[in-house]
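Step one of this worksheet: look at the structure below.
The values are calculated or read from the model by the stated rules, or taken from the named source; none is laboratory data. A quick note: this is a predicted structure, and the numbers were derived from the prediction, not measured. Note that each Cβ is placed from the backbone with ideal geometry, even for glycine, and that neighbours are counted across all protein chains shown. Just so you know, the surface numbers come from the protein's heavy atoms only, side chains and all, with ligands and any DNA or RNA stripped out. Shrake-Rupley method; radii C 1.70, N 1.55, O 1.52, S 1.80 Å.
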Amino acid sequence: MNSEQIKNSLNISPAIRVGVLGFGGLGQAAAKVVAGKQEMILVAAADQKGYVYAAEGLNTEKSIATYQSQGSVGYLEPIGTLTNQSIQDLIEIAEVDGYFLALPNLPNDFIPTVAKEFIKSGWRGVLVDAIKRTTAVEQLLAMKEELQAAGITYMTGCGATPGLLTAAAALAAQSYAEIHQVEITFGVGIANWEAYRATVREDIGHMPGYTVETARAMTDAQVEALLDKTNGVLTLTNMEHADDVMLEVAGIVGRDRVTVGGVVDTRNPKKPLSTNVKVTGRTFEGKISTHTFTLGDETSMAANVCGPAFGYLKAGKQLHERGIYGIFTAAEIMPQFVR
C-alpha cells in the first residue's frame, strides 16, 4: 500500500487547502500556524501588491522572508505574481478550500466588500475572518442569502475576541436560566507595533475622539506620536465589538449586556493584564453566580487569533461538505481542533 491508499483505508481526508489574505503580522503568524498542521496545507497568500500560489504547498519561511525584504509575496520567484488586484486574481486561478481573511477592516466595509468579490467570482468554499466591529459583522449577516446562493460557508468573528472568548461565553451561559452580564477584558502585548500596523490602527479607531476613518488616515509618524503620548499603551473601554451582536444573534443575551475593553501595550511583548471573559447569571434555583474563563498569559495575540480561526475554518469545511452554506458566528458553531 502506498501512503495515499493507507490514508484512504483509514478514511483520512486530504489536507484542507488554505489561503491567507493579508500578509502582515497576523497573516505571517497564520502561515506559521498552518505550517505546523497535518490537516491543513498553505497553498496561497496575498497582500496589497501581489500573491503567491503553489498547489503542492508554499514554503512558509521563504514567503515570509520575501514579504519582509521586498514588501510583497508577489516577488517570490518563480511562483509570485505582482498585481494591484491580488485578491481577485488569486481567486480566479487558485484551488483553495478555505481562506482566512487576515485583513484590516479599514474602512469599515472592507471585509464585506471582499466577501462580495468571492460571491461575484463564482468561487465556492469556506471564508473565515477575525473581524472586530459590530457594524461590520452586521453587514456580513445581511449577506446571508447571497452567501447561501453562492455556495459559500462564511465563519465570522472567529479570532480571540470576538471568537474564542465569545464561544466560551456561549458555553458558560448554559449554567444559567438568565444571563445578566458578559464582560470581556483583554490584554495584548506587542514587541513592535509596526508588525501589526493595521491592528493597532483598528484599536485606535475605538478610542475617544477617533473613528475608523481618522485612524486609517493616520500616517505612521502620527501613530508614533500618539503612542509616545501614551507610553505605547492604548486603553480601550466600552468598545464597539462584535461579541455583542454575535451573542445576541445566538439568543444568549442582549447586546446591551455585553461589554468589551482592554489594554494594548505596543512596546512590550508581555501582556499588560490577563485576557478573560466573565459571564454572570441566575441559575434555575435563583442563585447568582459568575463563570470566568481566562487565557494563559503566555499565549500571544497571534496564537489566540489564528488558532481559533483555523479551528473555525475546519468546522466550516465540515458544514460546507454537508451542503450547509451561509454565515455563522463563533457563538453558534464550535471550532474543530486542527491536528
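Worth a mention:
- Some residue of the stretch 142-159 being touching an Asp or Glu at 6+ places or on another chain (Cβ under 7 Å), open to solvent by 10 Å² or more (accessible area, probe 1.4 Å) and either of a type in the set (S, T, N, Q) or at positive phi (or both): no
- Scanning the stretch 62-95 for residues that are more than 24 Å from the chain's Cα centre (by Cα) and not hydrophobic (A, V, I, L, M, F, W, C) yields S69, Q70, Y75, E77, P78, G80, T81, T83.
- Extreme residue, farthest from the chain's Cα centre (by Cα), among residues of the stretch 123-134 that are open to solvent by 20 Å² or more (accessible area, probe 1.4 Å) and either at pLDDT below 95 or under 13 Å from L21 (Cα atoms) (or both): R133
- Residue check for D256: of a type in the set (D, E), assigned to a helix (DSSP H, G or I) and surrounded by fewer than 18 Cβ atoms within 10 Å (Cβ to Cβ): yes
- Just one of the listed residues (F293, F284, F310) is under 25 Å from D203 (Cα atoms), in contact (Cβ under 8 Å) with a residue 40 or more places away in the chain and open to solvent by 40 Å² or more (accessible area, probe 1.4 Å), and it is F293.
- Any hit, the stretch 173-181, residues being surrounded by fewer than 22 Cβ atoms within 10 Å (Cβ to Cβ), hydrophobic (A, V, I, L, M, F, W, C) and in a helix (DSSP H, G or I): yes
- Pair list, Cβ < 8 Å and 6+ apart or interchain, from the stretch 98-117 residues that are over 23 Å from V43 (Cα atoms) and outside any loop (DSSP other than H, G, I, E, B) to residues that are of a type outside the set (A, V, I, L, M) and at pLDDT 95 or above: P112/Q139
- Residues in the stretch 66-97 that are open to solvent by less than 60 Å² (accessible area, probe 1.4 Å) and in a strand (DSSP E or B): 2 in all.
- Of all residue pairs spaced 6 or more apart or on separate chains, those with beta-carbon atoms under 7 Å, a first member in the stretch 164-189 that is within 14 Å of T294 (Cα to Cα) and in contact (Cβ under 8 Å) with a residue 60 or more places away in the chain and a second member that is open to solvent by 50 Å² or more (accessible area, probe 1.4 Å) and charged (D, E, K, R) are V182/R257; E183/K278.
- The set of residues from the stretch 118-144 being of a type in the set (K, R) and assigned to a helix (DSSP H, G or I) comprises K120, K144.
- Between V279, V305, V264, the distinction of being part of a strand (DSSP E or B) and either closer than 28 Å to A35 by Cβ or without any contact (Cβ under 8 Å) to a residue 12 or more places away in the chain (or both) belongs to V264 only.
- Some residue of the stretch 103-110 being closer than 28 Å to L319 by Cα and open to solvent by less than 20 Å² (accessible area, probe 1.4 Å): yes
- Options I91, I119, I131: the member that is touching a helix residue (DSSP H, G or I) at 6+ places or on another chain (Cβ under 6 Å) and closer than 16 Å to Q48 by Cβ: I91
So that you can scan it fast, the table gives a plain yes or no per residue for (1) touching an Asp or Glu at 6+ places or on another chain (Cβ under 7 Å); (2) among the acidic types (D, E); (3) open to solvent by 30 Å² or more (accessible area, probe 1.4 Å); (4) part of a helix (DSSP H, G or I):
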{"position": "T161", "(1), (2), (3), (4)": "yes, no, no, no"}
{"position": "A167", "(1), (2), (3), (4)": "no, no, no, yes"}
{"position": "I184", "(1), (2), (3), (4)": "yes, no, no, no"}
{"position": "A195", "(1), (2), (3), (4)": "no, no, yes, yes"}
{"position": "P208", "(1), (2), (3), (4)": "no, no, yes, no"}
{"position": "R216", "(1), (2), (3), (4)": "no, no, yes, yes"}
{"position": "A221", "(1), (2), (3), (4)": "no, no, yes, yes"}
{"position": "L227", "(1), (2), (3), (4)": "no, no, no, yes"}
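- Qualifying residue in the stretch 236-244 (condition: among the hydroxyl-bearing types (S, T, Y), open to solvent by 10 Å² or more (accessible area, probe 1.4 Å) and touching a Ser or Thr at 6+ places or on another chain (Cβ under 9 Å)): yes
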